[in-house]
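Here is the structure we will look at.
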Amino acid sequence: MSLLLSSIDPKLITLAQKVFDRQFATDPKLSIEMDERRKQLMFQDILYNFSFLTTAVNLQDENIFSNYAVWLFELLCNLMKDLDRDRIKVQMVDHYQVLSLFADELFKGEQIDLAKSYLQKAILVTEDAVDNIEVSQQFLQGRHVPIRKAYLNALLRSDTAKATQIIRDAESSGIPLEEIYEDIIRLTMLEVGELWHQNKITVDKEHYCTSTTQMILSLFYPTIFSQPSKPKKIVTCCIGSELHEMGGRMVSDLFEYHGWESIFLGSAVPTNALVHAIGEHKPNLVALSVTMPQYLGLCHEAVLAIRKAHPATLIAVGGRAFSTSNKIYERWPVDIHTDLATELIDWADKVVK
Ligand code: B12
């Protein structure tokens with residue numbers, strides 16, 4: 001968008017300058033976020049906002065301004081990828097509030113209140129638009145989609161209490177733990193990764209989603225660790241410098257829930273330490289989780305080392321990295337590869353008597 005400032009009523013330019021100055025005075029963060037080019041665009045946008053608001057008020061049609069507000073919000077989210085949607089919402093809400101303060105300089109008589117009510121509506125639709133983030137088709141398929149969407153929205157709004165409540169409600173409505181883990185939490189985290197990859201959310205938001213989800217997983221521990229136990233043991237861990245530990249943690253938790261004794265060694269476990277741990281704990285099954293494809297080589301080495309040191313121990317491999325390969329596990333001496341922890345449990349409960 002570009003405007004020929006010389007063709008605009010000088011009074012509007014003066015008013016735009018007042019709005020611009022007031023918004024910078026109200027919010028000191030703006031001076032850090034806006035370079036010279038952004039400041040110019042923001043100034044032009046204020047003039048556009050005047051013209052859309054004036055059109056809507058003159059025609060007494062609120063939708064003209066509220067539809068524009070949603071369009072503008074999405075445009076700004078695309079243009080300012082370094083800022084997340086919440087921050088851009090704050091900027092726009094502040095902006096509409098400042099416009100409201102100056103409404104009597106743009107309008108006269110009854111139109112002033114009309115303009116203020118349209119600005120109030122623009123604030124509401126902008127607040128709603130924050131959650132209307134475009135998600136992948138995969139995220140919208142399968143079981144528990146509404147809960148998954150609500151959980152993702154709560155996380156994206158950094159609303160820890162709500163996110164926790166959504167998962168607690170899912171549990172009390174009778175959804176099996178396996179489905180909460182795999183259909184709600186796993187697929188939400190997968191979508192969080194997609195949103196980060198597409199630059200729709202910033203890395204701090206992705207970290208928040210991860211740490212909050214880990215906290216929420218821990219709420220299930222009283223249930224998980226109070227199940228009747230079977231004489232079966234699993235050791236789970238992540239290989240190489242792998243920091244993605246939530247998948248391995250879920251595998252371990254779900255086995256514990258199914259009565260197995262579970263020992264989760266966590267992320268980035270060196271092969272010799274793993275082989276030593278197997279000697280100490282003597283599990284029936286070792287589950288190796290790999291998310292980043294560059295650790296598949298180390299996983300292969302770990303499999304060979306376990307086979308050599310503990311030939312009777314069953315070995316399972318899984319995690320995102322394997323789905324990027326051409327079934328590499330078929331060439332390894334492992335007992336099973338599966339994508340899902342629940343599939344591994346079904347198999348292991350049959351094989352380990
Ligand atoms: C959270 C997260 C992180 C966190 C991890 C924190 C933690 N404590 O776990 C942090 C911030 C550390 C991180 C870092 C990085 N990440 Co990251 N991360 C993710 C994210 C968003 C979610 C992972 C997760 O927890 N998923 C939820 C779990 C439950 O699902 P899961 O792991 O698939 O596990 C399930 C199944 O696979 C299965 N399973 C798992 N293991 C096993 C094992 C067996 C035996 C079996 C049977 C089943 C099984 O059961 C689980 C439950 O159902 C993913 C997105 C995604 N698509 O997964 C990106 C993602 C994996 N990360 C990615 C990237 C690029 C990175 C970084 C390189 C970013 C960077 N520039 O620093 C680093 C690498 C760090 C490292 N060395 O490992 C990319 C990988 C892309 C690629 N080319 O492979 C992804 C896919 C994001 C994306 N869409 O681009 N990340």
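Summary of values
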quantity: In the range 17-42, the residues that are under 16 Å from GLN97 (Cα atoms) and surrounded by 12 or more Cβ atoms within 10 Å (Cβ to Cβ); calculated: GLN17, LYS18, VAL19, PHE20, ARG22, GLN23, PHE24, THR26, ASP27, LEU30, MET42
quantity: Residue ID - nearest to the ligand (Cβ to nearest atom), chosen from residues in the range 214-244 that are in a loop (DSSP other than H, G, I, E, B) and of a type in the set (Gly, Ala, Ser); calculated: SER241
quantity: Contacts under 6 angstrom Cβ, first residue in the range 190-205 being within 8 Å of the ligand (Cβ to nearest atom), partner of a type outside the set (Val, Ile, Thr) and outside any helix (DSSP H, G or I), 6 or more apart; calculated: GLU194/SER136
quantity: Given (1) more than 18 Å from THR54 (Cβ to Cβ); (2) in contact (Cβ under 8 Å) with a residue 12 or more places away in the chain, index of the condition LYS121 fails; calculated: (1)
quantity: Top-ranked residue in the range 47-87 [being aliphatic (A, V, I, L, M) and free of Cβ contacts under 8 Å to residues at least 40 places away in the same chain; ranked as farthest from PHE20 (Cα to Cα)]; calculated: LEU59
quantity: Residue in the range 255-268 that is within 12 Å of the ligand (Cβ to nearest atom), of a type in the set (Asp, Glu) and at pLDDT 95 or above present; calculated: no
quantity: Boolean, SER229 is at pLDDT 95 or above and among the polar types (S, T, N, Q); calculated: no
quantity: Qualifying residue in the range 245-264 (condition: polar (S, T, N, Q) and either under 26 Å from LYS350 (Cβ atoms) or outside any helix (DSSP H, G or I) (or both)); calculated: yes
quantity: Members of the range 310-345 found to be acidic (Asp, Glu), within 10 Å of the ligand (Cβ to nearest atom) and outside any loop (DSSP other than H, G, I, E, B), listed by number; calculated: GLU343
quantity: Cβ-Cβ under 7 Å pairs, at least 6 apart or on other chains, the range 155-183 side within 23 Å of ASN132 (Cβ to Cβ), far side of a type in the set (Gly, Ala, Ser) and in a helix (DSSP H, G or I); calculated: LEU155/ALA163; LYS162/ALA154; ALA163/ALA154; ILE166/ALA150; ILE166/ALA154
quantity: Only one of ALA341, ALA305 that is touching a helix residue (DSSP H, G or I) at 6+ places or on another chain (Cβ under 9 Å), in contact (Cβ under 8 Å) with a residue 12 or more places away in the chain and surrounded by 16 or more Cβ atoms within 10 Å (Cβ to Cβ); calculated: ALA341
quantity: Test for ALA277: is it farther than 14 Å from TYR221 by Cα, free of Cβ contacts under 8 Å to residues at least 24 places away in the same chain and away from the ligand (no atom under 13 Å from the Cβ); calculated: no
quantity: Whichever residue in the range 265-286 is assigned to a helix (DSSP H, G or I) and in contact with a strand residue (DSSP E or B) (Cβ under 7 Å, 6 or more places away or on another chain) and, among such residues, is surrounded by the fewest Cβ atoms within 10 Å (Cβ to Cβ); calculated: HIS281
quantity: Filter pass, LYS327 being on the phi > 0 side of the Ramachandran plot and over 28 Å from the mean Cα position of the chain (by Cα); calculated: yes
quantity: Residue in the range 147-169 that is in a helix (DSSP H, G or I), acidic (Asp, Glu), surrounded by fewer than 17 Cβ atoms within 10 Å (Cβ to Cβ) and at pLDDT 95 or above present; calculated: yes
quantity: Qualifying residue in the range 125-143 (condition: within 34 Å of the chain's Cα centre (by Cα), in a helix (DSSP H, G or I) and basic (Lys, Arg)); calculated: no
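Each row is one residue, and each column tells you yes or no for (1) of a type outside the set (Val, Ile, Thr); (2) surrounded by 20 or more Cβ atoms within 10 Å (Cβ to Cβ).
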site: ARG85; (1), (2): yes, yes
site: SER100; (1), (2): yes, no
site: ASP113; (1), (2): yes, no
site: LYS116; (1), (2): yes, no
site: ASN132; (1), (2): yes, no
site: VAL135; (1), (2): no, no
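The values are calculated or read from the model by the stated rules, or taken from the named source; none is laboratory data. Everything numeric in this text was worked out from a predicted model, so none of it was measured. Every residue, glycine among them, receives a Cβ derived from its backbone with ideal geometry; neighbour counts consider all protein chains shown.
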